[in-house]
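A.B. asks: First the structure, which I've put down as structure tokens, then a few questions once you've had a look.
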Amino acid sequence: MKLLTICNSTIRYGSENHMLRVACGLARQGVEVHAAFPRVDGTASMVRDCEAAQVSYWPFDLTGQFGSYPKDATVSPCLQMLLLLNAVRPDVVQFTAAWPTYVWAPAWTCALYNIPLLAVFQCASEVVYLPWLDLKQLAWARRGPQRWMAVSQQNALALQQTFGTRTGEIGILYNGIEIDPATNVPGEAETEALRREVRLELGMPAGARLLMTTARLVPEKGHADLLQIMPRIIDEFPDVGCIWAGDGKERHALETQVERLGLQQHVRVLGYRADIARLLRASDLFVFPSHIEGGCSAAIREAMLHQVPIVCSAAGGITEVVHDGSHALVFPVKDTDAMLAQLSDALRYPAKMRALAERARKRIEEFSSERMVDDYLAVLRELCLAGGKMAGSRELRHAEPAEMLWERSCRADGSVELQPAGLTGTLQSELLVDLLAAEQKQYIKFLEEQEEQIARLNRMQESP
């Protein structure tokens, strides 16, 4: 089996780690895996991991959502997809979608040539309202050998409402985490030494109780909610301190708010950290106030793995893995009063929280990376079988040799880099005739819709 796995992320977080975990796991099982995603600073570690796992890497930036791409775009998303498919010539494609609207180009292009597609939506926590024409085109695409999957039941329901699919048509592939059987919870002496070491490093009292949060510093992760209740927490528990691992556009605003509330001695904004496991083992609680999640956050799964007691929101599919009162204390999304109550209980009753953490450690073993990779492999094999049985399947014809579609250049270290070549001559090839005709109709329809909206606005302004 030759698999092409695609994502359009420009920075590495949970969704990208899942994509790589699956790709590398499948490669270890003998699948020929090709990975395509943008080559930018934020994905440099992804490229290195692909090379280490013998996964072929293709620089690829899929721009645009649906057929509505900018007028000045030099290459439409579908044409980019077709060039990549023509170069790799996969048996099956797996697309990691960060949001429902990004699936159009992969779904449309793969359907046009009957290439099996597994689309996995890593975050689809709310219903997205789409134009009628887009829904019709996506419904047509799903008639081919395609499987669309969510990472939680909550997200599957949102996708069903977004795309108007039948009940059960959107499947579920739960995300997993690497579990090393040789990894055990450290002993008491080792844990105490680590706790002292981390507190000294962070400039916090040796006896401080640390509440750790790992997440991007963006509004939807809920750090501001936690700051809102921190003064009341500290009034009752003055030995408490917060450490936040992660970076993002809200960092300056959050640091300013910490200063305004006078919490500099209790809150540390650490930025990106490569030693998350070490910090978790030194912490007393893991607090996760997120507003939006796809499945159960990778950060929560890692806290479960290291047996750290958890207080978290019920965002996305979190409660499908973590059960309130059994594995963690859970509060409704954006409910700061409930978060305050749960966090206060967790700090009052540490023995109870340790018991929850032990059960959470056993629970996370049901969501191992090995099981996740096996689940993906089963779906991909099913798609390949379905694709091979499709009557009248269209063959991708080489308009030019694959080497002509991707330019090779040598980096300073001597390694070879592939970059998309120019389209001179390719646009006139027989390979693109069908796709160009389909895209032309879609683009004309888009322009007509825009002109109709402008005309409607003009009529409204002219009316008394």
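The values are calculated or read from the model by the stated rules, or taken from the named source; none is laboratory data. Given the structure is predicted, the values throughout are model-derived calculations rather than measurements. Cβ atoms come from the backbone with ideal geometry, glycine included; neighbour counts cover every protein chain shown.
A.B. asks: Which of the residues belonging to the range 293-314 are outside any loop (DSSP other than H, G, I, E, B) and among the hydrophobic types (A, V, I, L, M, F, W, C)?
C.D. replies: Let us first name the residues in the range 293-314 that are outside any loop (DSSP other than H, G, I, E, B), namely 298-305, 310-313.
A298, A299, I300, A303, M304, L305, I310, V311, C312 - these are the residues of the range 293-314 that are outside any loop (DSSP other than H, G, I, E, B) and among the hydrophobic types (A, V, I, L, M, F, W, C).
A.B. asks: Can I ask one more? How many residues, within the range 216-252, are assigned to a loop (DSSP other than H, G, I, E, B), more than 29 Å from the chain's Cα centre (by Cα) and of a type in the set (K, R)?
C.D. replies: Filtering the range 216-252 down to residues assigned to a loop (DSSP other than H, G, I, E, B) leaves 216-218, 222, 237-239, 247-250.
After this cut, where a residue has to be more than 29 Å from the chain's Cα centre (by Cα) as well, the list is 237-239.
The next check asks that each one be of a type in the set (K, R); those that pass are none.
Count: 0.
A.B. asks: Sticking with this one: Output the residues belonging to the range 41-62 that are over 17 Å from the mean Cα position of the chain (by Cα) and in a loop (DSSP other than H, G, I, E, B).
C.D. replies: A53, Q54, V55, F60 - these are the residues of the range 41-62 that are over 17 Å from the mean Cα position of the chain (by Cα) and in a loop (DSSP other than H, G, I, E, B).
A.B. asks: Just one of (1) in a loop (DSSP other than H, G, I, E, B); (2) in contact with a Leu (Cβ under 9 Å, 6 or more places away or on another chain); (3) of a type in the set (S, T, Y) trips up S290, so point out which.
C.D. replies: (2)
A.B. asks: Looking at the structure I just gave you, is A215 in the same structural domain as Y349 (by TED's automatic domain parsing), farther than 21 Å from D337 by Cα, modelled with pLDDT under 95 and surrounded by 17 or more Cβ atoms within 10 Å (Cβ to Cβ)? Break it down stepwise before answering.
C.D. replies: Working: in the same structural domain as Y349 (by TED's automatic domain parsing): yes; farther than 21 Å from D337 by Cα: yes; modelled with pLDDT under 95: yes; surrounded by 17 or more Cβ atoms within 10 Å (Cβ to Cβ): yes.
Yes: the conditions hold for A215.
A.B. asks: If you check every pair at least six apart or on different chains, which have Cβ atoms under 8 Å apart with a residue in the range 262-281 that is under 20 Å from E197 (Cβ atoms) and touching a residue at least 60 places away in the same chain (Cβ under 8 Å) first and a residue that is outside any loop (DSSP other than H, G, I, E, B) and among the acidic types (D, E) second?
C.D. replies: If the second residue must be outside any loop (DSSP other than H, G, I, E, B) and among the acidic types (D, E), the pairs left are I276/E302; L280/E302.
A.B. asks: In the set K352, K334, which member is free of Cβ contacts under 8 Å to residues at least 12 places away in the same chain and of a type outside the set (V, I, T)? Walk me through how you get there before you give the answer.
C.D. replies: Values: K334 fails: free of Cβ contacts under 8 Å to residues at least 12 places away in the same chain.
The match here is K352.
A.B. asks: Restricting attention to the range 115-131, does a residue exist that is crowded, with 22+ Cβ neighbours inside 10 Å, part of a helix (DSSP H, G or I), of a type in the set (A, V, I, L, M, F, W, C) and modelled with pLDDT of 85 or more?
C.D. replies: no
A.B. asks: Would you pick out the residues in the range 139-156 that are farther than 19 Å from A315 by Cα and either touching a Phe, Trp or Tyr at 6+ places or on another chain (Cβ under 6 Å) or part of a loop (DSSP other than H, G, I, E, B) (or both)? Give the steps one after another, and end with the answer.
C.D. replies: As a first pass, look at the range 139-156 and keep what is farther than 19 Å from A315 by Cα: 139-148.
Within the range 139-156, A141, R143, G144, P145 meet the criteria.
A.B. asks: Only one of L356, L423 is surrounded by 12 or more Cβ atoms within 10 Å (Cβ to Cβ), out of contact with any helix residue (DSSP H, G or I) (no Cβ under 7 Å at 6 or more places or on another chain), at pLDDT below 90 and among the hydrophobic types (A, V, I, L, M, F, W, C); which?
C.D. replies: Numbers: L356 fails: at pLDDT below 90.
Residue meeting the stated conditions: L423.
A.B. asks: So, of the residues in the range 205-215 that are within 24 Å of I300 (Cα to Cα) and of a type outside the set (K, R), which turns out to be farthest from the chain's Cα centre (by Cα)? Explain how you work it out, then say what you get.
C.D. replies: Looking only at the range 205-215, we keep the residues that are within 24 Å of I300 (Cα to Cα), and these are 208-215.
Remaining after also requiring of a type outside the set (K, R): 208, 210-215.
Numbers: A208: 34, L210: 28, L211: 25, M212: 21, T213: 18, T214: 15, A215: 13 Å.
For the range 205-215, the residue satisfying everything is A208.
A.B. asks: While we're on this one: Would you mention how many residues in the range 262-278 are in a strand (DSSP E or B) and either surrounded by 14 or more Cβ atoms within 10 Å (Cβ to Cβ) or not assigned by TED's automatic domain parsing to the domain that holds K249 (or both)? Talk me through it step by step, then tell me what you get.
C.D. replies: Let us first name the residues in the range 262-278 that are in a strand (DSSP E or B), namely 267-271.
Narrowing further to those that are either surrounded by 14 or more Cβ atoms within 10 Å (Cβ to Cβ) or not assigned by TED's automatic domain parsing to the domain that holds K249 (or both): 267-270.
Total satisfying the criteria: 4.
A.B. asks: Report yes if some residue within the range 88-100 is in a loop (DSSP other than H, G, I, E, B), over 23 Å from N155 (Cβ atoms), among the aliphatic types (A, V, I, L, M) and modelled with pLDDT of 85 or more; otherwise report no.
C.D. replies: Applying the first criterion (in a loop (DSSP other than H, G, I, E, B)) to the range 88-100 yields 89-91, 98-99.
Going one step further and asking which of them are over 23 Å from N155 (Cβ atoms), we end up with 89-91.
From what is left, the residues that are among the aliphatic types (A, V, I, L, M) are none.
No, the range 88-100 contains no residue that is in a loop (DSSP other than H, G, I, E, B), over 23 Å from N155 (Cβ atoms), among the aliphatic types (A, V, I, L, M) and modelled with pLDDT of 85 or more.
A.B. asks: Mind checking which pairs have a first residue in the range 186-214 that is in contact (Cβ under 8 Å) with a residue 60 or more places away in the chain and a second that is of a type in the set (V, I, T) and surrounded by fewer than 11 Cβ atoms within 10 Å (Cβ to Cβ), Cβ under 7 Å, 6 or more apart or different chains?
C.D. replies: none
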